[in-house]
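Below is one structure, written out as structure tokens; comments come after it.
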Amino acid sequence: MMTIKSTFSIRTVAWLAFFAAILLAWIMLFMAARMSGVDLIGRPVGMNMMPMVTFGALFPMWAIMMAAMMLPTMVPTLTSYEDLMRSADGTRAGWFGVLLGYFIVWAGFGALITVAQVALLAAGLIDGLGIAASGWFAAALLIIVGLFQFSRVKDVCHGVCHSPMMYFVGHWKTGFTGGLRMGLGLGAFCVGCCWGFMALGFVGGVMSLAWMGLATLFMILEKLPQIGHKVTKPMGVLLIAAGLIVAVASL
């Protein structure tokens, strides 16, 4: 009885800490948006008290954004690992390892997209709020990400993200180190699947909470077992259509 209660308590604390981290990340992003002088959809409405034009200023924001947007998409993956804690030799330490490995990869991607943002700023393609300065640039991003939804790379990476249990079974490692290795692998496939939705932040502004929320919702839907495969290509069609509309409007 004590073991069951102890296990339940650890599980409860782990999940509460997980969701608390997500909530804290969104609160921090909201505060950053307010300090940047933008409203919920990223439009300038006040003085920018927190200019972000250097790697040192931008990377913490992107790291927090990775936590806010990508950790919610991990729920099916962490739940799948918990199933193996009951049926195999998975451990809570391994669970935390998967979580840490996943976040390390996304934080690494955050560093890469930070470098991209600094370069785009220097080239004049985006402004200080991360909003596309050219309709043609915004249209190109929308079309590229839309076309990617139909690619073989998207299919492979989405297949892993959509069915994490199959990845666990094929790459099973025990303990915290094993969980970390599997989390790194899953994180890499997840970046391959979802990088485009991060890049689309440059269309409406990387500080737009509305874009962050919509992108997070869609990435969660893509990973749901029942409907995940049904939403990927329709979203590609919508993105391509939006890109064409923006291109025509830019003529």
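Inside region 1-42, can you point out the residues that are of a type in the set (D, E, K, R), within 22 Å of the chain's Cα centre (by Cα) and at pLDDT below 70? Please lay out each step first, then the result.
Initially, region 1-42 is screened for residues of a type in the set (D, E, K, R), giving 5, 11, 34, 39.
Add one more test, that the residue is within 22 Å of the chain's Cα centre (by Cα), and what stays is 34, 39.
D39 - this is the single residue of region 1-42 that is of a type in the set (D, E, K, R), within 22 Å of the chain's Cα centre (by Cα) and at pLDDT below 70.
Can you report the number of residues in region 206-224 which are closer than 18 Å to P164 by Cα, in contact (Cβ under 8 Å) with a residue 24 or more places away in the chain, among the hydrophobic types (A, V, I, L, M, F, W, C) and not in a loop (DSSP other than H, G, I, E, B)?
Of the residues in that region, 2 qualify.
Can we say T79 is among the polar types (S, T, N, Q), within 30 Å of S36 (Cα to Cα) and in a helix (DSSP H, G or I)?
Details: among the polar types (S, T, N, Q): yes; within 30 Å of S36 (Cα to Cα): no; in a helix (DSSP H, G or I): yes.
Against the criterion (among the polar types (S, T, N, Q), within 30 Å of S36 (Cα to Cα) and in a helix (DSSP H, G or I)), T79 does not qualify.
Quick one: would you say L200 is free of Cβ contacts under 8 Å to residues at least 60 places away in the same chain and under 26 Å from A116 (Cα atoms)?
Details: free of Cβ contacts under 8 Å to residues at least 60 places away in the same chain: yes; under 26 Å from A116 (Cα atoms): yes.
In short, yes.
Pick from A107, A132, A93, A140: which is modelled with pLDDT of 90 or more, aliphatic (A, V, I, L, M) and under 20 Å from M65 (Cα atoms)? Can you show your working first?
Working: A132 fails: modelled with pLDDT of 90 or more; A93 fails: under 20 Å from M65 (Cα atoms); A140 fails: under 20 Å from M65 (Cα atoms).
So the residue among A107, A132, A93, A140 that is modelled with pLDDT of 90 or more, aliphatic (A, V, I, L, M) and under 20 Å from M65 (Cα atoms) is A107.
For the structure I just gave you, tell me whether A63 is in a helix (DSSP H, G or I) and surrounded by 15 or more Cβ atoms within 10 Å (Cβ to Cβ). Step through it out loud before you land on a result.
Numbers: in a helix (DSSP H, G or I): yes; surrounded by 15 or more Cβ atoms within 10 Å (Cβ to Cβ): yes.
Yes: the conditions hold for A63.
Which one is nearest to L16 (Cα to Cα) among residues in region 82-115 that are in contact (Cβ under 8 Å) with a residue 40 or more places away in the chain and either in a loop (DSSP other than H, G, I, E, B) or of a type in the set (K, R) (or both)?
R92
Here's the yes/no breakdown for (1) over 21 Å from the mean Cα position of the chain (by Cα); (2) loosely packed, with under 14 Cβ neighbours inside 10 Å; (3) touching a residue at least 40 places away in the same chain (Cβ under 8 Å); (4) over 23 Å from V206 (Cβ atoms):
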residue: A123; (1), (2), (3), (4): yes, yes, no, no
residue: A133; (1), (2), (3), (4): yes, no, no, no
residue: A139; (1), (2), (3), (4): yes, no, yes, no
residue: I144; (1), (2), (3), (4): no, no, yes, no
residue: L147; (1), (2), (3), (4): no, no, yes, no
residue: R152; (1), (2), (3), (4): no, yes, no, yes
residue: C157; (1), (2), (3), (4): no, no, no, no
residue: V160; (1), (2), (3), (4): no, no, no, yes
residue: M165; (1), (2), (3), (4): no, no, yes, yes
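For region 221-251, which positions are at pLDDT 90 or above and β-branched (V, I, T)?
Result: V231, T232, V237, I240, I245, V246, V248.
Name the residues in region 225-237 that are in a helix (DSSP H, G or I) and under 29 Å from T79 (Cβ atoms), would you? Please lay out each step first, then the result.
Taking region 225-237 as the starting set, the residues that turn out to be in a helix (DSSP H, G or I) are 228-237.
Result: G228, H229, K230, V231, T232, K233, P234, M235, G236.
The values are calculated or read from the model by the stated rules, or taken from the named source; none is laboratory data. Quantities reported herein were computed from a predicted structural model and do not represent experimental measurements. Counting neighbours? That spans all protein chains shown, and the Cβs are built from the backbone with ideal geometry, glycine included.
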